[in-house]
Amino acid sequence: MRAKIAALAVVTLVLQRVLGMPGMPAWFGYLILPMIWIVAASLGRKERHWPYEALLLGLAWDLLFGPVVGPGGIAWTAACLSLYGLASVVADRSPVAWAVFGVVGAVVVILVQRLAVMPLGLANSFSIGQLAWSAVLTGLWCGFVGTVLALDLGKHWRAYQVRKLR
Amino acid sequence: MSRTYLLRTVLVWTLLELLAALQVPAVGGSPVLFSWLRTLIEPVAMVAQGTVDLAVDLGLGARGLQRATVENREMRIALETLRARQILLQADLAALREIGDFAGPSAEFDAGALVGRCTYRDLIAGTMEVRTAGSFILAHDTPVVSAKGLVGRVLRSDGRRHWLQLLTHAAAAVAVKTEDSLVHGLALGTGSNALTIAYVPRQAELERGDLLITSGGDGIYPPGIPAARVTRIRESDEPFLEVTAVSTADLHAIRMVLILPEWAPTASGGLP
(Lines give C-alpha, C1' and ligand atoms only; values in the text may rest on other atoms or scores of the structure.)
Protein backbone atom coordinates (compact mmCIF):
# COMPACT_ATOMS: atom_id res chain seq x y z
CA MET A 1 0.00 0.00 0.00
CA ARG A 2 2.83 2.34 0.93
CA ALA A 3 4.63 1.57 -2.29
CA LYS A 4 1.49 2.30 -4.24
CA ILE A 5 1.01 5.62 -2.50
CA ALA A 6 4.66 6.48 -3.08
CA ALA A 7 4.28 5.66 -6.73
CA LEU A 8 1.17 7.78 -6.97
CA ALA A 9 2.97 10.63 -5.21
CA VAL A 10 5.75 10.41 -7.75
CA VAL A 11 3.12 10.49 -10.48
CA THR A 12 1.59 13.66 -9.04
CA LEU A 13 5.03 15.27 -8.90
CA VAL A 14 5.65 14.36 -12.50
CA LEU A 15 2.25 15.74 -13.42
CA GLN A 16 3.08 18.91 -11.49
CA ARG A 17 6.22 19.17 -13.58
CA VAL A 18 4.17 18.67 -16.70
CA LEU A 19 1.72 21.38 -15.66
CA GLY A 20 4.58 23.85 -15.58
CA MET A 21 5.94 22.99 -18.95
CA PRO A 22 5.95 25.65 -21.65
CA GLY A 23 2.73 25.72 -23.60
CA MET A 24 0.56 24.78 -20.67
CA PRO A 25 -1.88 27.38 -19.32
CA ALA A 26 -0.26 29.78 -16.88
CA TRP A 27 -2.75 29.10 -14.10
CA PHE A 28 -1.69 25.45 -14.05
CA GLY A 29 1.41 26.60 -12.24
CA TYR A 30 -0.71 27.70 -9.29
CA LEU A 31 -2.11 24.26 -8.75
CA ILE A 32 -0.31 22.16 -6.13
CA LEU A 33 -1.18 18.59 -6.99
CA PRO A 34 0.81 16.75 -4.25
CA MET A 35 -1.18 18.60 -1.62
CA ILE A 36 -3.81 15.89 -1.92
CA TRP A 37 -1.52 13.43 -0.18
CA ILE A 38 -1.15 15.36 3.04
CA VAL A 39 -4.82 16.35 2.97
CA ALA A 40 -5.83 12.73 2.61
CA ALA A 41 -3.41 11.67 5.34
CA SER A 42 -4.68 14.26 7.78
CA LEU A 43 -8.37 13.65 7.06
CA GLY A 44 -7.88 9.92 7.17
CA ARG A 45 -5.89 10.23 10.44
CA LYS A 46 -3.63 7.56 9.07
CA GLU A 47 -0.42 9.27 10.21
CA ARG A 48 0.20 8.78 13.92
CA HIS A 49 3.83 9.88 13.92
CA TRP A 50 5.76 12.86 12.79
CA PRO A 51 5.09 13.43 9.07
CA TYR A 52 8.21 11.97 7.49
CA GLU A 53 6.24 11.35 4.32
CA ALA A 54 5.50 15.07 4.06
CA LEU A 55 9.18 15.74 4.60
CA LEU A 56 10.13 13.44 1.76
CA LEU A 57 7.45 14.98 -0.39
CA GLY A 58 8.78 18.47 0.32
CA LEU A 59 12.35 17.48 -0.41
CA ALA A 60 11.20 15.93 -3.67
CA TRP A 61 9.33 19.16 -4.42
CA ASP A 62 12.56 21.07 -3.84
CA LEU A 63 14.51 18.73 -6.08
CA LEU A 64 12.06 19.20 -8.89
CA PHE A 65 10.91 22.78 -8.51
CA GLY A 66 13.04 24.69 -6.01
CA PRO A 67 16.41 26.40 -6.27
CA VAL A 68 17.69 24.69 -3.11
CA VAL A 69 16.78 21.59 -1.17
CA GLY A 70 15.40 22.21 2.29
CA PRO A 71 12.73 24.91 2.41
CA GLY A 72 10.24 22.59 0.72
CA GLY A 73 10.71 20.04 3.46
CA ILE A 74 10.01 22.71 6.05
CA ALA A 75 6.96 24.01 4.21
CA TRP A 76 5.38 20.64 3.55
CA THR A 77 5.91 19.34 7.06
CA ALA A 78 4.49 22.59 8.40
CA ALA A 79 1.44 22.21 6.21
CA CYS A 80 1.02 18.60 7.25
CA LEU A 81 1.28 19.46 10.95
CA SER A 82 -1.21 22.29 10.46
CA LEU A 83 -3.66 20.01 8.77
CA TYR A 84 -3.23 17.38 11.48
CA GLY A 85 -4.09 20.02 14.04
CA LEU A 86 -7.04 21.19 12.01
CA ALA A 87 -8.33 17.66 11.48
CA SER A 88 -8.25 17.04 15.21
CA VAL A 89 -10.77 19.83 15.80
CA VAL A 90 -12.88 19.48 12.64
CA ALA A 91 -15.09 16.45 12.38
CA ASP A 92 -16.33 17.12 8.86
CA ARG A 93 -14.89 14.76 6.26
CA SER A 94 -17.08 15.89 3.37
CA PRO A 95 -15.69 17.07 0.01
CA VAL A 96 -16.03 20.61 1.34
CA ALA A 97 -13.67 19.71 4.14
CA TRP A 98 -11.23 18.32 1.60
CA ALA A 99 -11.39 21.58 -0.32
CA VAL A 100 -10.92 23.68 2.79
CA PHE A 101 -7.97 21.54 3.89
CA GLY A 102 -6.47 21.97 0.44
CA VAL A 103 -6.84 25.72 0.72
CA VAL A 104 -5.22 25.79 4.16
CA GLY A 105 -2.42 23.45 3.10
CA ALA A 106 -1.65 25.52 0.02
CA VAL A 107 -1.54 28.75 2.02
CA VAL A 108 0.72 27.22 4.64
CA VAL A 109 3.05 25.67 2.09
CA ILE A 110 3.44 28.86 0.12
CA LEU A 111 3.87 31.15 3.12
CA VAL A 112 6.26 28.89 5.01
CA GLN A 113 8.34 28.28 1.93
CA ARG A 114 8.65 32.03 1.35
CA LEU A 115 9.64 32.49 4.97
CA ALA A 116 12.16 29.67 4.78
CA VAL A 117 13.96 31.06 1.75
CA MET A 118 13.92 34.63 3.05
CA PRO A 119 17.09 34.28 5.20
CA LEU A 120 18.88 32.77 2.21
CA GLY A 121 18.37 35.85 0.08
CA LEU A 122 16.26 33.90 -2.39
CA ALA A 123 12.85 35.39 -1.61
CA ASN A 124 11.08 35.94 -4.89
CA SER A 125 8.09 38.04 -5.73
CA PHE A 126 4.98 37.30 -3.78
CA SER A 127 1.48 38.62 -4.07
CA ILE A 128 -1.78 37.97 -2.38
CA GLY A 129 -3.35 37.30 -5.75
CA GLN A 130 -0.96 34.51 -6.54
CA LEU A 131 -1.50 33.09 -3.08
CA ALA A 132 -5.27 33.25 -3.54
CA TRP A 133 -5.16 31.65 -6.94
CA SER A 134 -2.96 28.87 -5.72
CA ALA A 135 -5.14 28.30 -2.65
CA VAL A 136 -8.37 28.26 -4.64
CA LEU A 137 -7.11 25.95 -7.35
CA THR A 138 -5.49 23.57 -4.87
CA GLY A 139 -8.67 23.61 -2.82
CA LEU A 140 -10.72 22.77 -5.89
CA TRP A 141 -8.34 19.98 -6.72
CA CYS A 142 -8.57 18.51 -3.22
CA GLY A 143 -12.33 19.03 -3.23
CA PHE A 144 -12.56 17.21 -6.51
CA VAL A 145 -10.63 14.25 -5.16
CA GLY A 146 -12.77 14.28 -2.04
CA THR A 147 -15.90 14.27 -4.16
CA VAL A 148 -14.65 11.35 -6.20
CA LEU A 149 -13.85 9.44 -3.06
CA ALA A 150 -17.25 10.31 -1.61
CA LEU A 151 -18.99 9.12 -4.73
CA ASP A 152 -17.05 5.85 -4.44
CA LEU A 153 -16.90 5.36 -8.20
CA GLY A 154 -15.16 2.05 -7.77
CA LYS A 155 -18.17 0.61 -6.01
CA HIS A 156 -20.50 1.89 -8.73
CA TRP A 157 -18.18 0.54 -11.41
CA ARG A 158 -18.08 -2.87 -9.82
CA ALA A 159 -21.90 -2.84 -9.53
CA TYR A 160 -22.13 -1.88 -13.19
CA GLN A 161 -19.86 -4.75 -14.17
CA VAL A 162 -21.93 -7.16 -12.13
CA ARG A 163 -25.13 -6.01 -13.79
CA LYS A 164 -23.51 -6.22 -17.18
CA LEU A 165 -22.36 -9.79 -16.58
CA ARG A 166 -25.92 -10.81 -15.70
CA MET B 1 1.43 18.55 19.65
CA SER B 2 3.60 17.14 22.35
CA ARG B 3 6.88 18.60 23.39
CA THR B 4 8.78 15.84 21.62
CA TYR B 5 6.96 16.67 18.43
CA LEU B 6 7.79 20.31 18.83
CA LEU B 7 11.48 19.66 19.48
CA ARG B 8 11.69 17.24 16.60
CA THR B 9 10.00 19.69 14.28
CA VAL B 10 12.31 22.52 15.26
CA LEU B 11 15.34 20.27 14.89
CA VAL B 12 14.36 18.99 11.47
CA TRP B 13 13.44 22.44 10.22
CA THR B 14 16.74 23.84 11.46
CA LEU B 15 18.66 21.10 9.71
CA LEU B 16 16.74 21.70 6.51
CA GLU B 17 17.38 25.43 6.70
CA LEU B 18 21.07 24.81 7.26
CA LEU B 19 21.09 22.40 4.35
CA ALA B 20 19.55 25.07 2.17
CA ALA B 21 21.99 27.70 3.43
CA LEU B 22 24.86 25.39 2.53
CA GLN B 23 23.69 25.35 -1.08
CA VAL B 24 23.22 29.08 -1.57
CA PRO B 25 26.39 31.06 -2.31
CA ALA B 26 26.82 34.39 -0.58
CA VAL B 27 28.37 37.52 -2.04
CA GLY B 28 31.93 36.32 -1.50
CA GLY B 29 31.24 32.96 -3.08
CA SER B 30 31.20 30.98 0.14
CA PRO B 31 27.91 29.47 1.26
CA VAL B 32 25.45 31.56 3.23
CA LEU B 33 25.84 29.05 6.03
CA PHE B 34 29.43 30.13 6.52
CA SER B 35 28.44 33.78 6.77
CA TRP B 36 25.83 32.78 9.36
CA LEU B 37 28.46 30.87 11.29
CA ARG B 38 30.79 33.85 11.09
CA THR B 39 28.00 36.07 12.33
CA LEU B 40 27.50 33.75 15.28
CA ILE B 41 31.15 33.11 16.01
CA GLU B 42 32.54 36.62 15.60
CA PRO B 43 30.75 38.11 18.64
CA VAL B 44 31.77 35.12 20.72
CA ALA B 45 35.32 35.45 19.44
CA MET B 46 35.25 39.19 20.16
CA VAL B 47 33.96 38.57 23.66
CA ALA B 48 36.57 35.87 24.19
CA GLN B 49 39.30 38.14 22.83
CA GLY B 50 38.04 40.96 25.02
CA THR B 51 38.00 38.65 28.01
CA VAL B 52 41.54 37.52 27.28
CA ASP B 53 42.66 41.13 26.82
CA LEU B 54 40.92 42.07 30.05
CA ALA B 55 42.59 39.20 31.88
CA VAL B 56 45.96 40.19 30.45
CA ASP B 57 45.39 43.81 31.40
CA LEU B 58 44.30 42.76 34.87
CA GLY B 59 47.41 40.61 35.19
CA LEU B 60 49.62 43.45 34.02
CA GLY B 61 47.79 45.82 36.33
CA ALA B 62 48.19 43.47 39.26
CA ARG B 63 51.86 43.03 38.47
CA GLY B 64 52.29 46.77 38.12
CA LEU B 65 50.44 47.30 41.38
CA GLN B 66 52.63 44.75 43.08
CA ARG B 67 55.74 46.40 41.64
CA ALA B 68 54.48 49.81 42.69
CA THR B 69 53.77 48.44 46.16
CA VAL B 70 57.27 47.02 46.42
CA GLU B 71 58.78 50.24 45.11
CA ASN B 72 56.64 52.23 47.51
CA ARG B 73 57.85 50.07 50.36
CA GLU B 74 61.45 50.45 49.25
CA MET B 75 60.98 54.19 48.93
CA ARG B 76 59.49 54.31 52.41
CA ILE B 77 62.44 52.39 53.75
CA ALA B 78 64.78 54.73 51.89
CA LEU B 79 62.85 57.72 53.23
CA GLU B 80 63.07 56.39 56.76
CA THR B 81 66.76 55.75 56.23
CA LEU B 82 67.20 59.31 55.00
CA ARG B 83 65.26 60.64 57.96
CA ALA B 84 67.37 58.59 60.35
CA ARG B 85 70.48 59.79 58.56
CA GLN B 86 69.21 63.33 58.78
CA ILE B 87 68.67 62.93 62.50
CA LEU B 88 72.17 61.51 62.84
CA LEU B 89 73.60 64.33 60.73
CA GLN B 90 71.75 66.88 62.84
CA ALA B 91 73.15 65.18 65.91
CA ASP B 92 76.60 65.23 64.34
CA LEU B 93 76.17 68.90 63.46
CA ALA B 94 75.12 69.73 67.00
CA ALA B 95 78.04 67.69 68.27
CA LEU B 96 80.41 69.56 65.99
CA ARG B 97 79.03 72.85 67.29
CA GLU B 98 79.61 71.65 70.80
CA ILE B 99 83.11 70.63 69.84
CA GLY B 100 83.57 74.15 68.51
CA ASP B 101 82.46 75.40 71.88
CA PHE B 102 85.23 73.41 73.46
CA ALA B 103 87.80 75.62 71.83
CA GLY B 104 87.48 77.98 74.79
CA PRO B 105 87.66 75.61 77.73
CA SER B 106 90.04 73.14 76.11
CA ALA B 107 92.57 75.86 75.65
CA GLU B 108 92.73 76.07 79.38
CA PHE B 109 93.66 72.41 79.70
CA ASP B 110 96.41 70.23 78.43
CA ALA B 111 96.53 69.17 74.86
CA GLY B 112 95.76 65.64 76.06
CA ALA B 113 92.08 66.34 76.52
CA LEU B 114 89.89 63.78 74.78
CA VAL B 115 86.62 64.38 73.04
CA GLY B 116 83.96 61.86 73.86
CA ARG B 117 80.53 61.28 72.46
CA CYS B 118 77.64 60.65 74.78
CA THR B 119 75.90 57.42 73.77
CA TYR B 120 73.75 56.75 76.78
CA ARG B 121 72.59 58.61 79.84
CA ASP B 122 70.49 57.80 82.84
CA LEU B 123 69.82 61.02 84.68
CA ILE B 124 67.85 59.29 87.39
CA ALA B 125 70.71 56.96 88.13
CA GLY B 126 73.16 59.81 87.52
CA THR B 127 75.31 57.87 85.06
CA MET B 128 76.41 58.41 81.50
CA GLU B 129 78.24 56.38 78.89
CA VAL B 130 80.56 58.11 76.46
CA ARG B 131 82.65 56.80 73.63
CA THR B 132 85.95 58.05 72.37
CA ALA B 133 87.46 57.70 68.92
CA GLY B 134 90.39 55.70 70.19
CA SER B 135 90.89 53.15 72.92
CA PHE B 136 92.00 54.62 76.21
CA ILE B 137 92.17 53.42 79.73
CA LEU B 138 91.12 56.43 81.73
CA ALA B 139 91.97 56.74 85.35
CA HIS B 140 89.26 56.66 87.97
CA ASP B 141 87.93 60.14 88.85
CA THR B 142 89.11 61.64 85.57
CA PRO B 143 87.07 64.86 85.27
CA VAL B 144 84.69 65.31 82.38
CA VAL B 145 83.38 68.67 81.27
CA SER B 146 81.17 70.03 78.53
CA ALA B 147 81.08 73.34 76.77
CA LYS B 148 78.61 74.64 79.34
CA GLY B 149 80.17 73.31 82.46
CA LEU B 150 81.08 70.38 84.62
CA VAL B 151 79.61 66.96 83.78
CA GLY B 152 81.11 64.54 86.23
CA ARG B 153 83.95 62.05 86.60
CA VAL B 154 85.00 58.73 85.13
CA LEU B 155 83.97 55.69 87.08
CA ARG B 156 85.12 52.97 84.75
CA SER B 157 86.91 52.85 81.43
CA ASP B 158 87.01 50.05 78.93
CA GLY B 159 88.70 50.93 75.66
CA ARG B 160 86.37 53.15 73.71
CA ARG B 161 83.58 53.00 76.27
CA HIS B 162 83.68 55.00 79.46
CA TRP B 163 81.12 55.27 82.23
CA LEU B 164 80.72 58.50 84.11
CA GLN B 165 79.22 59.55 87.40
CA LEU B 166 77.35 62.78 86.81
CA LEU B 167 77.60 65.58 89.32
CA THR B 168 73.88 65.09 89.95
CA HIS B 169 74.50 61.53 91.19
CA ALA B 170 73.23 61.09 94.73
CA ALA B 171 76.72 60.25 95.91
CA ALA B 172 78.51 62.98 93.95
CA ALA B 173 80.08 65.99 95.60
CA VAL B 174 81.87 68.90 93.98
CA ALA B 175 83.67 71.72 95.75
CA VAL B 176 82.30 74.96 94.36
CA LYS B 177 82.65 78.66 94.96
CA THR B 178 81.31 81.86 93.61
CA GLU B 179 83.10 83.60 90.81
CA ASP B 180 84.50 86.15 93.23
CA SER B 181 85.67 83.29 95.45
CA LEU B 182 83.97 84.84 98.50
CA VAL B 183 81.54 82.02 99.08
CA HIS B 184 82.55 78.36 99.10
CA GLY B 185 80.39 75.34 99.36
CA LEU B 186 79.95 71.72 98.42
CA ALA B 187 77.59 70.83 95.62
CA LEU B 188 75.90 67.53 96.44
CA GLY B 189 73.99 65.46 93.97
CA THR B 190 70.39 64.64 94.77
CA GLY B 191 69.58 62.08 92.13
CA SER B 192 67.70 64.69 90.16
CA ASN B 193 68.69 67.71 88.15
CA ALA B 194 68.89 69.79 91.34
CA LEU B 195 72.01 70.15 93.41
CA THR B 196 72.21 70.99 97.05
CA ILE B 197 74.92 73.48 97.94
CA ALA B 198 76.02 72.61 101.44
CA TYR B 199 78.13 74.41 103.95
CA VAL B 200 77.26 77.93 102.80
CA PRO B 201 77.46 80.23 105.83
CA ARG B 202 74.42 82.23 106.76
CA GLN B 203 76.21 85.50 106.36
CA ALA B 204 77.37 84.65 102.84
CA GLU B 205 76.32 87.11 100.16
CA LEU B 206 74.70 84.79 97.74
CA GLU B 207 71.86 85.58 95.42
CA ARG B 208 69.59 83.62 93.22
CA GLY B 209 71.13 83.22 89.75
CA ASP B 210 74.71 83.36 90.94
CA LEU B 211 77.09 81.09 89.09
CA LEU B 212 79.08 78.57 91.04
CA ILE B 213 82.32 77.31 89.65
CA THR B 214 84.55 74.51 90.75
CA SER B 215 87.03 75.49 93.39
CA GLY B 216 89.34 72.50 93.00
CA GLY B 217 89.16 71.87 96.71
CA ASP B 218 87.87 68.33 96.20
CA GLY B 219 91.10 67.33 94.47
CA ILE B 220 89.15 65.82 91.57
CA TYR B 221 87.94 68.61 89.37
CA PRO B 222 90.05 71.47 88.06
CA PRO B 223 89.07 74.87 89.41
CA GLY B 224 87.24 77.51 87.44
CA ILE B 225 84.78 75.27 85.62
CA PRO B 226 81.14 76.40 85.74
CA ALA B 227 79.28 73.83 87.78
CA ALA B 228 75.90 75.15 88.95
CA ARG B 229 73.62 78.13 89.11
CA VAL B 230 71.78 79.06 92.27
CA THR B 231 68.00 78.66 92.03
CA ARG B 232 66.84 78.93 95.63
CA ILE B 233 68.24 80.20 98.92
CA ARG B 234 66.58 79.65 102.24
CA GLU B 235 67.52 80.43 105.76
CA SER B 236 66.73 78.03 108.55
CA ASP B 237 67.71 77.33 112.13
CA GLU B 238 70.76 75.54 110.87
CA PRO B 239 74.07 77.40 110.83
CA PHE B 240 74.19 77.13 107.04
CA LEU B 241 71.94 78.32 104.30
CA GLU B 242 69.81 75.87 102.38
CA VAL B 243 70.94 76.56 98.84
CA THR B 244 69.61 74.74 95.81
CA ALA B 245 71.17 74.98 92.38
CA VAL B 246 71.01 73.33 88.96
CA SER B 247 73.82 72.08 86.83
CA THR B 248 75.00 74.50 84.20
CA ALA B 249 75.75 71.64 81.86
CA ASP B 250 72.59 70.70 79.98
CA LEU B 251 72.74 67.04 80.90
CA HIS B 252 69.53 66.30 78.98
CA ALA B 253 70.85 67.44 75.63
CA ILE B 254 74.56 67.06 75.98
CA ARG B 255 76.21 65.17 73.13
CA MET B 256 79.87 65.82 73.32
CA VAL B 257 82.08 65.95 76.39
CA LEU B 258 85.67 66.74 77.02
CA ILE B 259 87.62 64.27 79.11
CA LEU B 260 90.64 65.59 80.93
CA PRO B 261 92.83 62.55 81.58
CA GLU B 262 96.07 64.40 82.13
CA TRP B 263 94.80 66.94 84.57
CA ALA B 264 96.44 66.54 87.91
CA PRO B 265 95.61 68.66 90.92
CA THR B 266 98.39 70.87 92.18
CA ALA B 267 99.13 71.69 95.73
CA SER B 268 97.52 75.09 95.37
CA GLY B 269 94.42 73.53 93.84
CA GLY B 270 94.69 75.60 90.66
CA LEU B 271 95.34 74.77 87.10
CA PRO B 272 98.64 73.00 86.43
Exercise. Tally Lys/Arg at +1 and Asp/Glu at -1 over every other residue whose Cβ is under 12 Å from the Cβ of B:Ala172; what's the total?
Worked result: -1
Exercise. Between B:Pro31, B:Pro222, B:Pro239, which gets the highest mean-square fluctuation from a Gaussian network model of chain B, Cα cutoff 10 Å?
Worked result: B:Pro31
For this session: Would you calculate, for chain A, the mean residue ellipticity at 222 nm contributed by helices, counting each DSSP H stretch of 4 or more residues as -39,500 (n - 2.57) and dividing by all residues, to the nearest 500?
Result: -24500 deg cm²/dmol
Problem set entry | Percent accessible area from carbon and sulfur atoms, the protein assembly as shown, protein chains only, probe 1.4 Å | 64 percent
Exercise. How big is the B-A contact in terms of buried accessible area, both chains counted, 1.4 Å probe, rounded to the nearest 100 Å²?
Worked result: 1400 Å²
Exercise. Which far-off residues, 5 or more places away or on another chain, put their amide H under 5 Å from the one on B:Ala198, with H placed in the peptide plane?
Worked result: B:Leu186, B:Ala187, B:Leu188
Exercise. Which aspartates and glutamates, on any chain, are close to B:Lys148 with Cα under 13 Å apart, when same-chain ones fewer than 8 places away are left out?
Worked result: B:Glu98, B:Asp101, B:Asp250
Exercise. Does the protein assembly as shown classify as rounded, prolate or oblate by the C-alpha gyration tensor (a ≥ b ≥ c root eigenvalues; a/c under 1.5 gives rounded; else a/b over b/c gives prolate, otherwise oblate)?
Worked result: prolate
Exercise. What average count of beta carbons from other chains do you get within 10 Å of the Cβ of residues in A:77-84?
Worked result: 2
Exercise. Under a straight-distance cross-link criterion of Cα-Cα below 14 Å, which aspartates and glutamates are reachable from A:Lys4, leaving out those fewer than 8 residues away in the same chain?
Worked result: A:Glu53
Exercise. Can you list the HN-Hα couplings for the stretch A:88-96, worked out from phi with the Karplus curve (6.51, -1.76, 1.60; θ = phi - 60°), rounded to whole Hz and with x for Gly and Pro?
Worked result: 6, 10, 10, 8, 5, 10, 6, x, 4
For this session: Quick one: angle between helix B:32-101 and the longest Cα principal axis of chain B, in degrees between 0 and 90, rounded to 10, please.
Result: 10 degrees
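The values are calculated or read from the model by the stated rules, or taken from the named source; none is laboratory data. Remember, it's a predicted structure, so these values are computed and weren't measured experimentally. All Cβ positions, glycine included, derive from the backbone under ideal geometry; neighbour counts span all protein chains shown. Ligands, DNA and RNA are stripped out before the accessible areas are found, and what is left, the full protein with its side chains, is counted by its heavy atoms. Shrake-Rupley method; radii C 1.70, N 1.55, O 1.52, S 1.80 Å.
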